[in-house]
Amino acid sequence: MSRRMLIAGNWKMNGDAAQVDAFARALSADAGAISADMLVCVPFVYVERLAAGLADAPVALGAQNLAAEVDPGAFTGEVNGAMLADVGCRYVIVGHSERRALYGETDAVVAAKASAAVAAGLTPIVCVGETLEQREADQTEAVLAAQLAALFEQCDRATLAAAVIAYEPIWAIGTGHSASPEQAQDVHAFLRGQIADRDATIAESVLLLYGGSVKPDNAAALFAGADVDGALIGGASLKADSFLDIARATG
Ligand code: PEP
């Protein structure tokens, strides 16, 4: 099966109204010529502004987090999946390493959030990845297998079939040191194999994104991996030029 390439931006807690507007203008002008699917995950408060700016562009909107709770209620400060869908999101990042490390999100919480996203009609981009210590101790595969196992134990098939998986080695995020194309492909092949052991159909269709210091100058080599179906991009997604250049590198 041939899978479409997906290029996802993660602005993290960055940006302001002027940057959103400039980004939307640039993408509206140039995104039409790009064959990959594209989406941008901005802070909640800018989703509607970016959606309006991208109204005529083939670029989807996403959020960076959502509540694990599906129904509205007494959850001060939280935003649920239905609200994200309501303001135009189609995607949501779940289990980014920053949320796991800084906000205590466990594998169980990540799985609950992935399920909540799908219940609201959103595509969860579920992040997995190992620390540098784990890689150096040869634990990468064990760590990733455990993160995936939690998803398979807790999520129903509809959630698993809808999810995108982003392999984001923590040592590569925001460091300028990307995984090599070989390291990325090796891990992606391992992830697809783990998924195939449970469900061959999902393994064929699931999009596996690589994230961690993807830039215009390393993107094409990373995308050459047969199991690399695109990228989740932090720093280089903040500027339209570099984001578009990475998307063009999908060929
Ligand atoms: C990220 O934020 O998910 C990420 C991969 O960041 P960067 O591209 O800046 O390494």
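Just so you know, in the stretch 193-251 the residues that are over 25 Å from A63 (Cβ atoms) and of a type in the set (D, E) include one that is most open to solvent (accessible area, probe 1.4 Å), and it is D217.
Of the residues making up the stretch 169-187, at least one is touching a Lys or Arg at 6+ places or on another chain (Cβ under 8 Å), of a type in the set (S, T, N, Q) and crowded, with 19+ Cβ neighbours inside 10 Å. For the stretch 112-164, name all the residues that are open to solvent by 30 Å² or more (accessible area, probe 1.4 Å), within 16 Å of R90 (Cβ to Cβ), of a type outside the set (A, V, I, L, M) and not in a strand (DSSP E or B). The answer is G121, and nothing else.
Quick check on the stretch 91-105. Is at least one of its residues surrounded by 24 or more Cβ atoms within 10 Å (Cβ to Cβ) and away from the ligand (no atom under 16 Å from the Cβ)? No. Taken over the stretch 1-44, the criterion of being in a loop (DSSP other than H, G, I, E, B) and within 16 Å of the ligand (Cβ to nearest atom) is satisfied by W11, K12, M13, N14, G15, V42, P43.
The values are calculated or read from the model by the stated rules, or taken from the named source; none is laboratory data. Everything quoted here is computed from the prediction, not taken from an experiment. Backbone-built Cβ (ideal geometry, glycine too); neighbour counts: all protein chains shown. Surface accessibility is based on the protein's heavy atoms, side chains included, excluding ligands, DNA and RNA. Shrake-Rupley method; radii C 1.70, N 1.55, O 1.52, S 1.80 Å.
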